[in-house]
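*Asks:* There's a structure below that I have some questions on.
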Amino acid sequence: MSSHTQNQPQRQNSPSAHLSNSHSTGAANYGRWSTQRIAVYALFVALTMVVSFFSFPIIPGTNFLKYDPSGIVVLVAGFAFGPAAAAIISVLGFLPHLFTDPFGALIAILVALSLSLPAALIYRKVHTRKGALLGIVVGAVAALAMAILCNILITPFYAHMSVQAVMGMIVPILLPFNVLKFTIHGVVTFLVYKPISQLVNR
């Protein structure tokens, strides 16, 4: 993500500058870290924190696996402001969980980064609905791989399960849950990212 200052009027008028500014907040002309930009980032961080506490089961019989819509927030932030914002919000948005569930928070942060960063990077390069769709798909695949890897490497330490037991859960439980989870993230994000981006970038 790039922004331009008032000291560079000739770049402001170029097509590339216009494209770059489509990722910035209305405060872009006042510097990379304007008060308005920080406030908008803080709003997305707070929203991620809040929605991450609202979780519910989405697959019958697996009530220990719960869905929350925080991934939608970090995806929309990445589309609206670029990969740097996606990374910041993906990390800060889950910090409260470090005090109650540190291992779960670590997994959530790694998965959120795997989801939002590839999506934001691709959308920055291909700034179209096709680019958004491609970014969502690539991000979902990366996040799915990260979620499974984290379950194999981290879950045994705090769930008092053997690695073999976790491995046995991948195909029948973990894979379907995460596929459904990232499908929901992707569909909702694809439907709402454009109007939300236009709203916050005014």
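The values are calculated or read from the model by the stated rules, or taken from the named source; none is laboratory data. The structure displayed is predicted, hence computed values, not measured ones. Virtual Cβ from ideal backbone geometry, glycine too; neighbours counted across all protein chains shown.
*Asks:* How many residues are assigned to a helix (DSSP H, G or I) and either of a type in the set (Gly, Ala, Ser) or loosely packed, with under 14 Cβ neighbours inside 10 Å (or both) when one looks only at segment 153-169?
*Replies:* Residues meeting the conditions: 8.
*Asks:* Which is at pLDDT below 95 and either under 12 Å from the mean Cα position of the chain (by Cα) or under 24 Å from ILE196 (Cβ atoms) (or both), of PRO102, PRO96, PRO118?
*Replies:* PRO96
*Asks:* Could you give me the residue pairs with C-beta distances under 6 Å whose first residue belongs to segment 122-138 and is free of Cβ contacts under 8 Å to residues at least 12 places away in the same chain and under 16 Å from VAL187 (Cα atoms), whose second residue is hydroxyl-bearing (Ser, Thr, Tyr) and assigned to a helix (DSSP H, G or I) wherever it lies, and which are 6+ apart or on separate chains?
*Replies:* Pairs found: GLY131/TYR123.
*Asks:* Among the helices (runs of 4 or more DSSP H) confined wholly to segment 33-101, which include 1 or more residues that are over 25 Å from PHE190 (Cβ atoms) and of a type outside the set (Ser, Thr, Tyr)?
*Replies:* The helices (runs of 4 or more DSSP H) meeting that bar are 35-52.
*Asks:* Here is a follow-up. Kindly indicate which of THR48, THR35 is at pLDDT below 90 and of a type in the set (S, T, N, Q).
*Replies:* That would be THR35, the only listed residue that is at pLDDT below 90 and of a type in the set (S, T, N, Q).
*Asks:* For segment 22-30, state whether one or more residues are more than 24 Å from ILE184 (Cα to Cα), part of a loop (DSSP other than H, G, I, E, B), among the aromatic types (Phe, Trp, Tyr) and modelled with pLDDT under 85.
*Replies:* no
*Asks:* A follow-up question, please. Please specify each residue of segment 164-177 satisfying the condition of being more than 24 Å from LEU98 (Cβ to Cβ) and of a type in the set (Val, Ile, Thr).
*Replies:* Those that are more than 24 Å from LEU98 (Cβ to Cβ) and of a type in the set (Val, Ile, Thr): ILE170, VAL171, ILE173.
*Asks:* For segment 77-104, give me each residue that is under 22 Å from PHE56 (Cβ atoms), crowded, with 24+ Cβ neighbours inside 10 Å and not hydrophobic (A, V, I, L, M, F, W, C).
*Replies:* SER90, GLY93
*Asks:* Could you tell me whether segment 173-192 includes any residue that is in a helix (DSSP H, G or I), farther than 30 Å from TYR41 by Cβ, over 21 Å from the mean Cα position of the chain (by Cα) and not polar (S, T, N, Q)?
*Replies:* Yes, segment 173-192 contains a residue that is in a helix (DSSP H, G or I), farther than 30 Å from TYR41 by Cβ, over 21 Å from the mean Cα position of the chain (by Cα) and not polar (S, T, N, Q).
*Asks:* Looking at segment 193-202 only, could you name the residues that are of a type outside the set (A, V, I, L, M), surrounded by 14 or more Cβ atoms within 10 Å (Cβ to Cβ) and in a helix (DSSP H, G or I)?
*Replies:* So the first thing to find is which residues in segment 193-202 are of a type outside the set (A, V, I, L, M), and the list is 193-195, 197-198, 201-202.
Retained after the next criterion (residues that are surrounded by 14 or more Cβ atoms within 10 Å (Cβ to Cβ)): 193-194, 197, 201.
Listed by number, the residues that qualify are TYR193, LYS194, SER197.
*Asks:* Next question. Within segment 110-149, restricting attention to residues that are of a type outside the set (A, V, I, L, M) and not in a helix (DSSP H, G or I), which residue is surrounded by the most Cβ atoms within 10 Å (Cβ to Cβ)?
*Replies:* Going through the qualifying residues, I end up with HIS127.
*Asks:* Looking at segment 51-76, which of the residues that are aliphatic (A, V, I, L, M) and at pLDDT below 95 is surrounded by the most Cβ atoms within 10 Å (Cβ to Cβ)? It would help to see each step written out before you state the result.
*Replies:* Going residue by residue through segment 51-76, those that are aliphatic (A, V, I, L, M) are 51, 58-59, 65, 72-76.
Restricting the remaining residues to those that are at pLDDT below 95 gives 58-59, 65.
Working: ILE58: 14, ILE59: 14, LEU65: 18.
This residue is LEU65.
*Asks:* When you go through (1) surrounded by 17 or more Cβ atoms within 10 Å (Cβ to Cβ); (2) of a type in the set (D, E, K, R); (3) modelled with pLDDT under 95 one by one for LYS181, which number turns out not to apply?
*Replies:* Of the numbered conditions (1) surrounded by 17 or more Cβ atoms within 10 Å (Cβ to Cβ); (2) of a type in the set (D, E, K, R); (3) modelled with pLDDT under 95, the odd one out for LYS181 is (3).
*Asks:* Just one of (1) surrounded by 16 or more Cβ atoms within 10 Å (Cβ to Cβ); (2) at pLDDT below 95; (3) hydroxyl-bearing (Ser, Thr, Tyr) trips up THR189, so point out which.
*Replies:* (2)
*Asks:* What are the pairs with Cβ atoms under 6 angstrom where one residue, in segment 44-61, is over 14 Å from LYS181 (Cβ atoms) and the other, located anywhere, is of a type in the set (A, V, I, L, M)? Sequence gap at least six, or different chains.
*Replies:* Filtered contacts from segment 44-61: PHE44/ALA77; PHE44/ILE89; VAL45/ILE89; VAL45/LEU92; LEU47/VAL73; THR48/VAL73; THR48/ILE89.
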